[in-house]
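Have a look at the structure below, then the notes.
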Amino acid sequence: MTASGNSGAGPGGSTAGEWAVELAGITKRFPGVVANSDIHLRVRTGEVHALCGENGAGKSTLMKILYGMQPPDEGTITVDGRQVRFRSPADAIRAGIGMVHQHFMLADNLTVAENVLLGAEASHGIGAKARARIQELAGTVGLRVDPGMLVERLGVADRQRLEILKVLYRGARTVILDEPTAVLVPQEVDDLFDTLRTMRADGYTFLFISHKLDEVRAIADTITVIRRGTTVGTADPKAVSSRQLAEMMVGSELPTPETRESTVTDREVLTVSQLSLAADDGGRHVLEDVSLVVHAGEVLGIAGVEGNGQTELVETIMGMRRGAHGTITLGGRDISHASTLHRREAGIGYVPEDRTRHGLLASQPLWANRILGHQSRPPIARGPLIDRAAARRDTERIVADFDVRTPGVDVHAAALSGGNQQKLVVGRELSGDPVLLIASHPTRGVDVGAQTGIWEELRQARARGLAVLLISADLDELIGLSDSIAVILRGRLVATADPSTVTPEELGTAMTGAGSGPNLAKEGS
Amino acid sequence: MTRVRTVLVAPALAVVFSALLCAVALLISGDSPLTALRVMITQVGQGTTAVDILNSAAIYYLVALAVAIGFQMKLFNIGVEGQYRLAACVAAIVGGTVPLPPVIRTIVIILVGALVGALWAAIPAVLRAYRGVSEVISTIMLNAVATGLIAFLIRPDTFGALSGNNITTPPIPESGHFPGLHLGSSGTIFGMILVVAALGTGYWFLLGRTRFGFELKASGESPSAATAGGVDARRMVLIALLMSGAVAGLAGLPELLGRDYAYTLTSPQGYGFTGIAIALLGRNHPVGIAIGALLWAFLDKSAVALDVVGVPREILLIMQGLIVLSVVVAYEIVRRYELAAEQRRVAAQLRALANAKAPSPEGVSS
Ligand SMILES: Nc1ncnc2c1ncn2[C@@H]1O[C@H](COP(=O)(O)OP(=O)(O)OP(=O)(O)O)[C@@H](O)[C@H]1O
Ligand SMILES: [Mg+2]
């Protein structure tokens, strides 16, 4: 990566002073919780500064304050030595601060260039000058696609780069990345880190949030740990181990999804045979001839780069997508044409990949969110009536069992931190003794402590005979939890792997279709 | 419980604010706001005004409830206007022509009203659920169609009859009336008010305590999450609009069964739009809508009283408009105020906690 020609609008370099960002005494209260309490954070110009902390520690809140999305109750923000006051993200962007959110904010039906220009027409117009600038920045962020390409055809890694490009185009020199690696496979993470290192050499500054401590140690120059809304200290990534870091954050051990004796039975719970699904526009197939079986007590892992049909497979099994060919049976009963509600009543739990879109009612209290998906079954339903007391009681159980950090079950789901929302959803979907759990990224955005908790709950349910269809971008999780693994590529199951022997690297290669290792078996034929 | 308080405080703020602006307007135009206020208050005790207000409020409650049911699903049923008028017209024809025994006749008329309202709403409901046609557009157009259909139905050569220079449906005989509560010179309260109260309670119960109410709110809040939770969002669109139409279909009946006993060319119009304003005012809350309906009816009556003493009645139209505009702002102000109060409370609790314990170690950073 040699393209680094950011003349003029590039980072200020050494003249801007030592500290790119200084946050002092930042306090932010929400009803019932203090999200940030007297936080002090200094970010050196030209470094990658990682923020670590358990779910609900206040990382996203702090970053939203720095990005002007929320005003702090107390405290000051200093950028390049000048004290500032942001009333909106536009103010922050003007001060050279940009943020890439965890969930992509791109328009699928527009081209790469259009996505960059949208809302930033004032910077360089929309003509040749703008194109030249986009080309230049594309080199900087390592985006090697035609700017005229539609975003819907981009993979996740390229989307990530495009998000960074968007932010740079608006003149950012300090870039906030909120859990950027959650959806990337290992190779993509390495590539992204190469890019970040090159950009760092050019003088860009990064604030980086991640729950994956190995990654944090690999990329960061400084680590600040936040616990319960305050900074508890900084760590040197070269000197600290992941285990020490985890202890600093949560005071608990670093988890490993270790292997244990198999609980697989020969009772088939879910069988999918020859499932095919055409794309919405009717063209190519997004699922082709997919067949799989999950037994009671078995975890079947699906490995694949995002966008290879996992979403469609899961949503077809849940009955949320129509028009598929093939059969789906649950416990011997054909459910291919059953409604989503019937499938849920038959005992399918579902942790969706996007909790905000498919898992939660943001402005409803937690106890009402407990009802969703269970509105027709005891203990929540009594005939056509809803037993609110039972819903509250059971929500309190989930809050306790899954360690959901919340002031109570009456707060709105939107007020929970990302990881705590995830814990609530997982807890709900494991309620009511399901026979099959479809879990898409069950620990996405969850801290290491809570991750252990969720894995343990999954293991216990599996020992009781739960069948699990697991989709995860976290290959350690996939290998550690699964009893067998299938690789999905462009809508087909192309290979199987034995989790007791396969390595994340081999799996990663198979997922990109670049061939098979000794521990992979080609599917079919 | 906070909900109810918010629902009360914000409209109160809006009313005070609008009243102040109207007072200024009156001063500028050379009228005395104090006289106006005195007239508005004293009129309530005079003649049949109090009962009239209550009766109008009952009708407003029905139309607002119909609108609110749609709002729960983020559906904008502008067709309440056409639904209630067509329903009243058909119910009047059935009530005046089909021979039925007492009580049964009243019940049949009410059922016909609800059914016609629901059927008229079924057209936009099906279009929306299966073809994605915006219910805003289709209901506006159906309002115009309803007007034409009513004109056809009450022609002397179909079901209507000429009476003076008015056209009317055959009168509903005594056996089809809904007896009211006679208060002598103070007027007669519509008996239908009982039905209205029952519907309000039913709405509250349905929304908060039943599976159906939960599914309604869930699909309104996030169709994607509701679908993943096993709610058939398309079916909910259908049912919500049908229910909205059925409630709207009852709105013409208090007057039909308690005062007019026939549908005529001069039967009242425009309630549907009033209903939208009141549903906004009451935030779709059963109690909020009741207060909004009473307020609206009171302002309507005040217009008449002010006219008598020579204050321009238009001032109340202005006031009604101002209230609807300012209530939106007022809700936001109240919400922010409650949030800030909550945050202060948290801060105070924490200070108390910090004072009680030993001071916690400083956050380190370098
Ligand atoms: N809009 C809000 N209203 C009320 N409380 C909120 C709001 N946003 C955040 N909080 C609370 O503030 C605290 C910090 O949340 P934040 O989202 O910053 O956590 P986080 O460190 O990003 O956690 P995660 O790793 O789970 O994303 C949490 O307790 C959360 O419940
Ligand atoms: Mg967060």
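Find the relative contact order for chain B and round it to a whole percent, using C-alpha pairs within less than 8 Å whose residues are 6+ positions apart.
Working: 544 pairs, mean separation 117.5, N = 366.
Value for chain B: 32 percent.
Apply the membrane-span-like helix rule to chain A: whole DSSP H runs, Cα extent along the own long axis of at least 18 Å, mean Kyte-Doolittle hydropathy at least 1.6. List the helices found. Walk me through the numbers on the way to the answer.
Details: long enough: A:128-141 (20 Å, -0.09); A:156-169 (19 Å, 0.10); A:186-201 (23 Å, -0.70); A:388-401 (20 Å, -0.95); A:448-463 (22 Å, -0.47).
Result, helices passing both filters: zero.
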Exercise. Which translational diffusion coefficient, to the nearest whole µm²/s, is obtained for chain B from the Stokes-Einstein equation, given a Kirkwood hydrodynamic radius over C-alpha pairs, 10 °C and 1.306 mPa s?
Worked result: 70
Seminar exercise, completed: Restricted to the protein assembly as shown, the DSSP antiparallel beta bridge percent, nearest 5, is 60
For this session: Give me the percent of DSSP beta bridges within segment A:11-250 that run antiparallel, rounded to the nearest 5.
Result: 55
Exercise. Nearest 0.05, what FRET efficiency do residue A:153 and residue A:357 give at R0 = 22 Å with Cβ-Cβ as r?
Worked result: 0.55
Exercise. Straight-line reach from residue A:129: which lysines have Cα under 27 Å away, leaving out those fewer than 8 places along the same chain?
Worked result: A:166
Exercise. Roughly how many debye, to the nearest 20, is the charge dipole of segment A:361-433 about its Cα centre, given +1 on each Lys and Arg Cβ, -1 on each Asp and Glu Cβ, and no other charges?
Worked result: 140
Seminar exercise, completed: Per the charge dipole of chain B (beta-carbon charges, Lys/Arg positive, Asp/Glu negative, Cα centre), the residue among B:310, B:120, B:44 reaching farthest to the positive end is B:120
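Which FRET efficiency, nearest 0.05, do residue A:83 and residue B:29 yield, Cβ-Cβ r, R0 51 Å? All intermediate terms of the calculation are to be shown ahead of the outcome.
Numbers: r = 52 Å, r/R0 = 1.01.
Rounded to the nearest 0.05, the efficiency is 0.50.
Evaluate the charge dipole of segment B:240-317 about its Cα centre and quote only its size in Debye, nearest 20, assuming +1 on the Cβ of each Lys and Arg and -1 on the Cβ of each Asp and Glu. Before the final figure, lay out each step's value.
Values: 4 positive and 5 negative charges, 35 e Å.
Once rounded to the nearest 20, the dipole reads 160 debye.
Can you pull the semi-axes for segment A:11-250, root of five times each eigenvalue of the Cα gyration tensor, sorted largest first, whole Å?
Working: eigenvalues 165, 84, 56 Å².
Semi-axis lengths for segment A:11-250 are 29, 21, 17 Å.
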For this session: Using only the alpha carbons, work out the radius of gyration and Dmax of the protein assembly as shown in angstrom.
Result: 32.2, 100
Seminar exercise, completed: With only helices counted (DSSP H, runs n ≥ 4, each -39500 (n - 2.57)), the per-residue ellipticity at 222 nm for the protein assembly as shown, to the nearest 500, works out to -15000 deg cm²/dmol
Problem set entry | Selection from A:365, A:404, A:149 lying farthest towards where the dipole of chain A points positive, charges on Cβ | A:365
Exercise. Using 0.36 nm per residue, how much length does the chain from residue A:107 to residue A:329 gain when fully extended, once their Cα-Cα distance is taken away?
Worked result: 76.3 nm
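Find the relative contact order for chain A and round it to a whole percent, using C-alpha pairs within less than 8 Å whose residues are 6+ positions apart. List each step's numbers first, then the result.
Numbers: 1081 pairs, mean separation 82.3, N = 525.
Over chain A, the number comes to 16 percent.
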Problem set entry | Difference of contour (0.36 nm per residue) and Cα-Cα distance, residue B:131 to residue B:336 | 69.8 nm
Seminar exercise, completed: Given the candidates B:22, A:427, B:249, the one whose Cα lies deepest towards the positive end of the charge dipole of the protein assembly as shown, counting +1 at each Lys or Arg C-beta and -1 at each Asp or Glu C-beta, is B:22
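Give me the percent of DSSP beta bridges within chain A that run antiparallel, rounded to the nearest 5. List each step's numbers first, then the result.
Working: 47 of 81 bridges.
Looking only at bridges with both residues in chain A, the antiparallel portion is about 60 percent.
Roughly how many debye, to the nearest 20, is the charge dipole of the protein assembly as shown about its Cα centre, given +1 on each Lys and Arg Cβ, -1 on each Asp and Glu Cβ, and no other charges? Walk me through the intermediate numbers first.
Details: 79 positive and 83 negative charges, 449 e Å.
For this selection, approximately 2160 debye.
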For this session: Can you tell me what the convex hull of the Cα atoms of chain A projects to on average, as an area in nm²?
Result: 24.7
Problem set entry | segment B:213-257 and segment A:42-77: distance between their alpha carbon centers, rounded to Å | 43
Problem set entry | Partners for residue A:212 among lysines (Cα-Cα distance below 22 Å; same-chain residues under 8 apart left out) | A:59, A:64, A:238, A:423
Exercise. Normalized C-alpha radius of gyration of segment A:361-433, against 2.2 N^0.38 Å?
Worked result: 1.00
Exercise. If one computes the Cα centroid of segment A:130-162 and of segment B:69-110, what distance in Å separates the two points?
Worked result: 60
For this session: Keeping all protein chains in position, work out how much accessible area residue A:412 exposes to a 1.4 Å probe, and write it in Å² to the nearest 10.
Result: 90
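The values are calculated or read from the model by the stated rules, or taken from the named source; none is laboratory data. Keep in mind that what you see is a predicted model, and the values were worked out from it rather than measured. Quick reminder, even Gly has a Cβ in these numbers, built from the backbone with ideal geometry, and neighbours come from all protein chains shown. Accessible surface is based on the protein model in full, side chains and every heavy atom, while ligands, DNA and RNA are left aside. Shrake-Rupley method; radii C 1.70, N 1.55, O 1.52, S 1.80 Å.
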